[in-house]
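Participant: Sending over a structure as structure tokens; questions will come in a sec.
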Amino acid sequence: MINRNGNITWGDWIFDYDVTDFEGLALLHGSYKGISIFHKLSLPVIRVEYDFDPQLDFKDQCQPVNDVIKWDQAWVDKGQDYLKLREIRSGTVLEIGFYMVLGAYHLYQCYYVDKGGYIFVRLWSKGLSCPKSHKQHRHHPYWRFHINVDGGGNRINYTNDFFTGFYQTEGIGTIKNDINHHWLIENTHTGNGVFIKPNITDNARADNFSKGDFYIRKYRTIEDRPWWRNERDDIAFTRHDAIDNNTDVVFWYVGHLPHDADEGEDHWHGVGPILQVYLNEA
């Protein structure tokens, strides 16, 4: 088992990692080929919702919860490493992940760091916490990506099948399943950037409980903190300032991970985006 925190140099990647008590396994101060890429990649909360079951009395309905990954909730069984670091895919990918248990749920939060400049961000989950008459529940992980390519001064571009542009104001947004889309957090002075793309398996979208698929923010120290909302309240900010080409940006990516009870408690489900470094080498 590796330490709770440390530094990793692997291929062209250099970054720190830490299992905090309020944002799960975080990657910190990341650079690729000597270029600053991110300040922090973290997972402050996993919001869990349950379908209403008409077969149960109101008092027996399962209530929403906020799951926060913490070090003291690690899974230790028969010598299994709960903080994992290993090379996979013939040494081209470094997997770093944290295995934990919350009640009946088994969660594995991990990053697959590719030598080609990709980071595959994933949350895996299995387990059934409520009576099986609850046909479905959903985990909504809220990743917080503080990207600072070349040290900051970035803008966020958006591309789908019909539109290409960039954001001029902070705010929440949704995406459609049938449209290809991605974002580019770009340093307009150097041309270097990071693409954020939904994984092909991320085909569930916002609902009445988790109302957005992403949120764009300026970096503010006061927002870099433990999850502050109660179990029924979604992410919300009252202040929405203008953003431009020189903004220190934070991108919240919200996943939606359904689990049908008929699939059983041992069926693993995964969700999470892809980060891809783009270097302007012209």
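Participant: Given the pairs K176/K218; K197/K218; K33/K126; K40/K197, which span a C-alpha to C-alpha distance of over 27 angstrom in this model?
Facilitator: K33/K126, as the Cα separations exceed 27 Å there.
Participant: Taking the Cβ of H269 as the center, what net charge do the other residues with Cβ under 12 Å away carry, scoring Lys and Arg +1 and Asp and Glu -1?
Facilitator: Spelling it out: positives minus negatives among the neighbours equals -2.
Participant: How high is the relative contact order of the chain, in percent, counting Cα pairs under 8 Å that sit 6 or more residues apart?
Facilitator: 20
Participant: To continue, here is another question. How would you rank 6-17, 217-228, highest first, on the average number of other Cβ atoms within 10 Å across their residues? Each step should come with its number before you reach the end.
Facilitator: Working: 6-17: 15.7, 217-228: 13.5.
Averaged packing, sorted descending, gives the order 6-17, 217-228.
Participant: Express in nm, to one decimal, how much length is gained between R220 and Y278 on full extension, taking 0.36 nm for each residue of separation and deducting their alpha carbon distance. Present the calculation step by step, with values, prior to reporting the outcome.
Facilitator: Working: separation 58, 0.36 × 58 = 20.88 nm, distance 2.54 nm.
Contour length minus Cα-Cα distance gives 18.3 nm.
Participant: With the chain treated as a Gaussian network of Cα nodes joined by springs under 10 Å, which of I88, I119, I35 yields the largest mean-square fluctuation?
Facilitator: Between I88, I119, I35, it is I88 that shows the largest mean-square fluctuation.
Participant: Okay, moving on. May I ask you to list the aspartates and glutamates whose Cα is less than 16 Å away from that of K70, ignoring any residue fewer than eight positions away on the same chain?
Facilitator: D18, D21, E23, D81
Participant: R0 = 25 Å: FRET efficiency of D233 with T201, Cβ-based, nearest 0.05? Show your work: numbers first, answer last.
Facilitator: Numbers: r = 28 Å, r/R0 = 1.10.
The calculated FRET efficiency here is 0.35.
Participant: Compute the Kirkwood hydrodynamic radius of the chain, taking the inverse of the mean of 1/r over all pairs of distinct Cα atoms, and give it in Å to one decimal.
Facilitator: Result for the chain, one decimal place: 19.6 Å.
Participant: Using mean Cβ contacts within 10 Å as the protection proxy, how do 189-200, 154-165 order, highest first?
Facilitator: Details: 189-200: 17.8, 154-165: 14.4.
Listed from highest to lowest mean packing, they are 189-200, 154-165.
Every number here is computed from the coordinates shown, using simple stated rules; none is lab data. Model, not experiment: these values are computed from the prediction. Using ideal geometry, Cβ is built from the backbone for each residue, glycine included, and neighbour counts are taken over all protein chains shown.
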